[in-house]
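Have a look at the structure below, then the notes.
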Amino acid sequence: MSETSHVGDLQLQLRASPHLKAPDSTPKIMWNVVGSLIPVIAAATWFFGPSALLVLLAATAGAVLTERAFGQRGSLGDGSAAITGLLLGLTLPPGVPLWIAFVGGAFGIGFGKLVFGGLGQNVFNPALLGRAFLQAAFPAALTTWPAATTEWARLRGDNFALPFTTPSVDVVTEATPLGLMKFEATPTDPWSLMIGATGGSLGETAGLLILLCGGYLALRNYLNWRIPVSIFVTVALFQGLLFAVDSARFASPLFALFSGGLILGAMYMATDMVTSPVTNAGAWIFGFGIGFLVILIRTWGGLPEGVMYAILLMNALVPFINRATQPKPYGSPGRAAKRGAREAEA
Amino acid sequence: MSSDLFWILISAMLVNNFTLHLFLGLCPFMGVSAKIATALRMGAANIFVLTITSLAASFLNAYVLPHAPYLRLISFIVVIASLVQIVEMTIKKVSPTLFRELGIYLPLITTNCAILGLAIFQTNRGYGFLEGLAFAIGAGLGLTLALVLMASIRERAELADIPALAKGMGLVLIIAGSLSLAFMGFAGLSTP
């Protein structure tokens with residue numbers, strides 16, 4: 001596509017744009033995200049034993065097999081189905097029966113992504129849609145949090161329960177830090193939240209580690225840093241305000257930041273390139289909305305945790321945000337001029 | 001008192017959203033949500049008719065139905081439908097511009113289940129005049145929100161490469177279900 005023209009001794013190459021090429025491609029970015037999740041998965045396995053690996057495997061199998069069966073040929077290679085499965089797995093409690101995790105992965109990919117036409121066309125984050133579906137369909141299984149145990153190799157629940165049967169293994173359960181805070185007004189020490197010595201979903205612990213892994217992606221520009229930053233700032237500000245009003249009833253901002261799935265959601269799910277706004281102004285609005293909804297649901301809602309719903313609700317608003325923050329071409333008429341033109345037309 | 005009214009409004013708008021939680025008024029939600037502009041008008045018409053409904057139901061509950069409780073359903077339907085027709089004729093006469101803006105939507109939604117639903121909910125919960133008004137405006141805003149969200153998503157999906165099995169209403173129903181799942185997050189939203 002290039003030709004060479006000679007102007008005197010000068011050799012000029014004439015080429016069509018683009019002239020600047022980045023070495024990034026969809027598979028490269030996606031597999032980088034998978035790679036950055038490995039420390040998080042390792043931490044989950046360290047804290048929750050073999051159950052963590054089993055749940056992650058089942059959710060990923062559900063997502064990948066659905067993509068293989070119904071997706072476009074070769075779409076497995078871009079790694080996006082694997083990410084969906086892994087992220088879904090990280091939002092599940094360790095003791096969840098494997099078939100439920102599998103169904104969640106299949107639902108997320110099937111109804112969250114493939115019906116919209118595959119990668120790049122979906123509106124909702126597939127992993128979170130799968131999680132929301134499971135939360136609606138199997139609320140008991142998804143809110144059973146096994147207590148910490150000293151035997152690493154023991155399963156944290158009846159992972160091998162047959163479909164539609166009541167789990168037969170009795171587990172000792174404990175509340176998550178957010179549940180403790182909401183229903184018993186007992187805050188957990190933020191430091192143990194940061195290093196992960198608490199109950200919860202696989203990816204709800206070890207906030208600092210997730211922050212580091214997400215930071216790596218932000219440094220490589222594989223996620224828009226404006227989204228997590230605006231989420232964290234909004235949550236800290238609103239929770240700080242509540243904390244200043246009544247520190248006995250409301251949790252501290254540090255607790256709000258590191259508890260629940262906020263860090264995982266902000267770093268990995270809100271920043272999904274497909275379901276987040278394309279403009280930077282939109283990214284700030286998007287992050288603000290998520291942070292605000294998280295605080296709203298956590299403080300005044302019936303559920304202890306609202307990150308998943310906050311992100312899904314803002315996903316639904318993304319087409320609207322994109323339209324509102326579309327940059328105007330230089331020199332295009334302003335609002336007043338447009339109104340004048342419309343009136344002249346009428 | 002005013003905070004009660006505020007929570008009635010929020011609850012009708014988000015927590016018990018008529019379309020996404022109670023699945024009422026699905027026909028305008030599916031039928032008139034292809035474009036944001038028409039969805040907004042539909043929403044405005046909804047707010048308008050719901051407010052009239054609430055006023056009519058308050059009046060009927062206070063003065064007519066105590067004497068003839070068995071007339072509840074039929075009087076709601078007849079009074080609301082004829083009231084909307086009268087208002088529509090008045091608007092047509094007084095403000096043709098507004099009439100054109102609302103267009104065909106007004107008569108379309110008069111007999112909608114969301115309208116009758118509002119009147120019955122309001123009666124069952126024993127809302128008075130002001131509470132009913134807050135309830136109606138909240139329900140109308142919730143319908144508008146659902147319509148606009150649906151329309152913006154559908155406008156985006158129009159450019160997508162939808163597989164044949166999900167084209168058309170199939171996808172609309174799946175989007176509606178996903179929105180409904182997302183709105184479950186508002187469950188139990190109330191004063192702390």
Could you give the angle, 0 to 90 degrees to the nearest 10, between helix B:169-183's Cα long axis and the longest principal axis of the Cα atoms of chain B?
70
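Could you calculate the contour length gain from A:Thr165 to A:Arg339, that is, 0.36 nm times the residue separation minus the distance between their Cα atoms, to one decimal place in nm?
Extending this stretch completely gives an extra 56.3 nm.
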Cβ charges +1 (Lys, Arg) and -1 (Asp, Glu), total dipole of the protein assembly as shown, debye
1220
Chain A, accessible surface, carbon-and-sulfur percent (1.4 angstrom probe):
65
The answer for the stretch B:16-160, accessible area per residue at 1.4 Å probe in Å², is 46
Quick check on the stretch A:37-134: what are the equivalent-ellipsoid semi-axes from the Cα gyration tensor, as sqrt(5λ), descending, whole Å?
22, 13, 11
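I want the local charge near A:Thr186. Using Cβ-Cβ distances under 13 Å, sum +1 for each Lys or Arg and -1 for each Asp or Glu among the other residues. Let's see the in-between values first.
Details: positive: A:Lys182, A:Arg249; negative: A:Glu174, A:Glu184, A:Asp189.
Computed value for this residue: -1.
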Restricting to Cα pairs below 8 Å that are 6+ residues apart, what does the relative contact order work out to for chain A? Please round to a whole percent.
15
Mean-position separation - Cα centroids, the stretch A:118-151 and the stretch A:257-289, in angstrom:
18
Between the alpha-carbon centers of the stretch B:49-102 and the stretch A:307-337, tell me the distance in whole angstrom.
37
Percentage of Cα-Cα pair distances in chain B greater than 28 Å, rounded to whole percent?
29
Give me the tail of P(r) for chain A as a percent: Cα-Cα pairs with distance above 24 Å.
59
If each DSSP helix of 4+ residues adds -39,500 (n - 2.57) and the sum is divided by the residues in chain A, what number results at 222 nm, nearest 500 deg cm²/dmol?
-17500 deg cm²/dmol
Cα long-axis angle, helix B:36-59 against chain B (0 to 90 degrees, to the nearest 10)
20
If you put +1 on each Lys and Arg Cβ and -1 on each Asp and Glu Cβ, how big is the dipole of chain B around its Cα centre, in Debye rounded to 20?
300
Farthest positive-ward along the protein assembly as shown dipole, Cα basis, beta-carbon charges - from B:Pro107, B:Thr51, A:Thr173:
B:Pro107
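What is the stretch A:25-174's relative contact order, in percent, from Cα pairs under 8 angstrom and six or more apart in sequence?
Reported as a whole number, the value is 27 percent.
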Could you pull out every residue, at least 5 positions away or on a different chain, whose amide H is within less than 5 Å of the one on A:Thr173? Hs are placed 1.01 Å off N in the peptide plane, and Pro or chain starts have none.
A:Ala147
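Step by step: find N for the stretch B:144-192, compute 2.2 N^0.38 Å, then divide the Cα radius of gyration by it. What's the final number?
Ratio of Rg to 2.2 N^0.38 Å for the stretch B:144-192: 1.40.
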Overall Cα dimensions of the stretch B:1-69, principal axis frame, Å, largest first:
45, 29, 19
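Using only Cα atoms, what is the ratio of the radius of gyration of the stretch A:176-325 to 2.2 N^0.38 Å?
1.00
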Taking Cα atoms, how many degrees apart are the long axis of helix A:26-48 and the longest axis of chain A, rounded to 10 and kept between 0 and 90?
20
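How high is the FRET efficiency from A:Ala244 to A:Arg73, r the C-beta distance, R0 56 Å, rounded to 0.05?
The formula returns an efficiency of 0.50 here.
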Accessible surface of the stretch B:2-184, 1.4 Å probe, proportion on carbon and sulfur as whole %:
72
Within a Gaussian network of chain A (alpha carbon springs, distance under 10 Å), most fluctuating of A:Phe48, A:Phe292, A:Phe116
A:Phe116
I'd like the mean, over residues of B:145-155, of how many other protein chain beta carbons sit within 10 Å of each residue's own Cβ.
3
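B:Thr38 to B:Ser82: extension gain in nm, 0.36 nm per residue of separation minus the Cα-Cα distance?
13.4 nm
Taking a threshold of 28 Å on the Cα-Cα distance, which of the pairs A:Lys338/B:Lys35; A:Lys21/A:Lys328; A:Lys113/A:Lys328; A:Lys113/A:Lys182; A:Lys113/A:Lys338; A:Lys28/B:Lys167 fall above it? Provide the component values of the computation, followed by the final result.
Values: A:Lys338/B:Lys35 21 Å; A:Lys21/A:Lys328 26 Å; A:Lys113/A:Lys328 31 Å; A:Lys113/A:Lys182 34 Å; A:Lys113/A:Lys338 38 Å; A:Lys28/B:Lys167 31 Å.
A:Lys113/A:Lys328; A:Lys113/A:Lys182; A:Lys113/A:Lys338; A:Lys28/B:Lys167, as the Cα separations exceed 28 Å there.
Report, in debye and to the nearest 20, how large the dipole of the stretch A:25-174 comes out about its Cα centre when Lys and Arg carry +1 and Asp and Glu carry -1 on their Cβ.
400
The values are calculated or read from the model by the stated rules, or taken from the named source; none is laboratory data. Note that the structure is a prediction, hence the values are computed from the model and not measured. So basically every Cβ, Gly included, is an ideal-geometry build from the backbone, and we count neighbours across all protein chains shown. In case anyone asks, the SASA skips ligands and DNA or RNA and just uses the protein heavy atoms, side chains included. Shrake-Rupley method; radii C 1.70, N 1.55, O 1.52, S 1.80 Å.
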